[in-house]
Amino acid sequence: MTARVLIVDDVPANLKLLDAKLTAEYFGVLKAASGPEAIEIATRELPDIILLDVMMPGMDGFEVCRRLKAAPATEHIPIVMVTALDQSKDRVQGLEAGADDFLTKPVNDLALFARVKSLVRLKMVTDELRMREATGQRIGALVGTSTERMLMTEPGRALIIDDRPTSLKRMCEALSIEHTVTVAETPDEMAQLAAIGDYDLLIVSLTLSDYDGLRLCSQLRSLESTRQTPLLAIVEEGDTPRLVRALDMGVNDYLVRPVDRNELVARCRTQLRRKRFQDYLRDKFQQGLELAITDSLTGLYNRRYMESHLAAMVQDGLQNHKPVSILIFDIDFFKSVNDTHGHAAGDTVLKEFAQRISQNVRGVDLACRMGGEEFVVVMPDTDLSYAMMVAERLRQRIGEIPFKVEDRLELNVTVSIGIGVVEAAGDTGEKVLERADAALYRAKRDGRNRVVAEAA
């Protein structure tokens, strides 16, 4: 994995040393010798990660971090503070300023590279989600909203395992002030609870006496339900090899024993904020996707989705020698509903019509609104005789029960249906749609309220 790293340090020797180490690992390196220069370069170049010295004249690292995290262009760039400061209060101050991690000078190379790679992987995920959101906004599928309100609006749910009673008690007491904490007694219980519990944070001791904590972390990362859940590891001071392995397998953050309660709270708060932001982006993308492929009035798939999906369904049918039937529906005399009773009544009819279609087709069938009063159902593995039976049933279901549009107003609605079937090599979705449309035209020409199939 490669990435662009911005190094910020007012000591030329430190810049040169880190530059050499990172370049040897094939990272691209940018350098800044002061806080203002770092902000300028970060804003212009948008590096993948920033290694930031704390003790600098003029503007210290804490202030640089706060300014970068406050700017929309740079707020998502991971920042690791590299400093000689080794007090817990300094780490807490950095975390509260927005830093993602601390490395103490002299920097251990293994820890440095592992941390950089871990945070870059995390940033890649966030960047992808942000790009999807931006695309959704450009095409009008998403509406931009402020995210500040949702970052820490409610308590988180943490699941923790540690077989040291005193340490476990102190961590639970510290976290319970802001969050709901559940304790797992065994690794098996941890994995089971994590899989079904929808937790916001998982905390695992890597020094369990009867089980390999790294193996538990690996299990949690392999489960689909916990793959994206922040994972915080508890390690012994100086146990760099175990920490590097943990970061390589996807652990998001770590704490060194003895665990400082303020640092614990600060790191958990950072992980929860990041998770909620990523959840927000995923939810917005899913909403945008649904808006992009569904009809907002009826909830059926829209024409865009049908046209993009139809070709694949037809091709699959031809390859597997299975017929595909296409039904086109047109509500009879729908214009008179709008003209006589208003568009609100027309919308009610369309929604009820879509619901009746959905209730009378299979889950594998693709029901779509093409536009106006025209609907399409694509039925895989369906020959003409079965398609005729389904179409006739739908025609009857629509015509036999009046559509209630107001308290005292019910409308009798009928539908004309045309059918086309994919049966031969060379058939395409467009060709079969044309045949179904021709059949629909015949149904309307011959008196409406009927089903007609157009032969190939």
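Structure above, values below:
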item	result
Among residues of the stretch 49-69, those that are part of a helix (DSSP H, G or I) and either in contact with a strand residue (DSSP E or B) (Cβ under 9 Å, 6 or more places away or on another chain) or free of Cβ contacts under 8 Å to residues at least 12 places away in the same chain (or both), counted	6
Pair list, Cβ under 6 Å, 6 or more apart: the stretch 1-26 residue surrounded by fewer than 19 Cβ atoms within 10 Å (Cβ to Cβ), other residue part of a loop (DSSP other than H, G, I, E, B) and of a type in the set (V, I, T)	Y26/T2
Answer from R273, R356, R304 - the residue that is under 29 Å from E434 (Cα atoms) and in contact (Cβ under 8 Å) with a residue 40 or more places away in the chain	R356
The listed residue being assigned by TED's automatic domain parsing to the domain that holds L175, basic (K, R) and modelled with pLDDT under 80, out of R149, R121, R91, R132	R149
Test: residue in the stretch 285-293 that is at pLDDT below 80, assigned to a helix (DSSP H, G or I), crowded, with 19+ Cβ neighbours inside 10 Å and under 19 Å from the mean Cα position of the chain (by Cα)	yes
Failed item in (1) free of Cβ contacts under 8 Å to residues at least 60 places away in the same chain; (2) surrounded by 16 or more Cβ atoms within 10 Å (Cβ to Cβ); (3) under 15 Å from A3 (Cβ atoms); (4) aliphatic (A, V, I, L, M), with L46 passing the rest	(2)
Selected residue (only one of N338, N320 is in the same structural domain as R445 (by TED's automatic domain parsing), modelled with pLDDT under 90 and either closer than 23 Å to E410 by Cβ or among the polar types (S, T, N, Q) (or both))	N320
Only listed residue being in contact with a Pro (Cβ under 9 Å, 6 or more places away or on another chain) and over 21 Å from G447 (Cβ atoms), chosen from V422, V432, V413	V422
Number of the condition not met by D427 [criteria: (1) modelled with pLDDT of 90 or more; (2) under 42 Å from the mean Cα position of the chain (by Cα); (3) of a type outside the set (F, W, Y); (4) over 25 Å from D339 (Cβ atoms)]	(1)
Conditions (1) closer than 30 Å to R261 by Cα; (2) surrounded by 22 or more Cβ atoms within 10 Å (Cβ to Cβ); (3) aliphatic (A, V, I, L, M); number of the one not met by A32	(1)
Complete set of residues in the stretch 248-270 that are closer than 12 Å to S118 by Cβ and touching an Asp or Glu at 6+ places or on another chain (Cβ under 9 Å)	D253, Y254
Those residues of the stretch 422-449 which are assigned to a loop (DSSP other than H, G, I, E, B) and out of contact with any strand residue (DSSP E or B) (no Cβ under 6 Å at 6 or more places or on another chain), in sequence order	E423, A424, A425, G426, D427, T428, D446, G447, N449
Y211, sole failed condition from (1) touching a Ser or Thr at 6+ places or on another chain (Cβ under 9 Å); (2) within 25 Å of P155 (Cβ to Cβ)	(2)
Matching residues in the stretch 403-429 - criterion: being in contact with a Phe, Trp or Tyr (Cβ under 9 Å, 6 or more places away or on another chain) and surrounded by 13 or more Cβ atoms within 10 Å (Cβ to Cβ)	F403, L411, V413, T414, V415, S416, I417, G418
Residue that is farthest from R170 (Cα to Cα) [pool: residues in the stretch 205-242 that are touching a strand residue (DSSP E or B) at 6+ places or on another chain (Cβ under 9 Å) and small (G, A, S)]	G238
Residue that is farthest from the chain's Cα centre (by Cα), among those in the stretch 2-40 that are among the polar types (S, T, N, Q) and either in a loop (DSSP other than H, G, I, E, B) or on the phi > 0 side of the Ramachandran plot (or both)	S34
D239 more than 27 Å from the chain's Cα centre (by Cα), over 19 Å from A97 (Cβ atoms) and at pLDDT 85 or above	yes
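The values are calculated or read from the model by the stated rules, or taken from the named source; none is laboratory data. Worth saying up front: this structure is predicted, and the values here are computed from it rather than measured. Every residue, glycine as well, gets a Cβ built from its backbone with ideal geometry; the counts of neighbours run over all protein chains shown.
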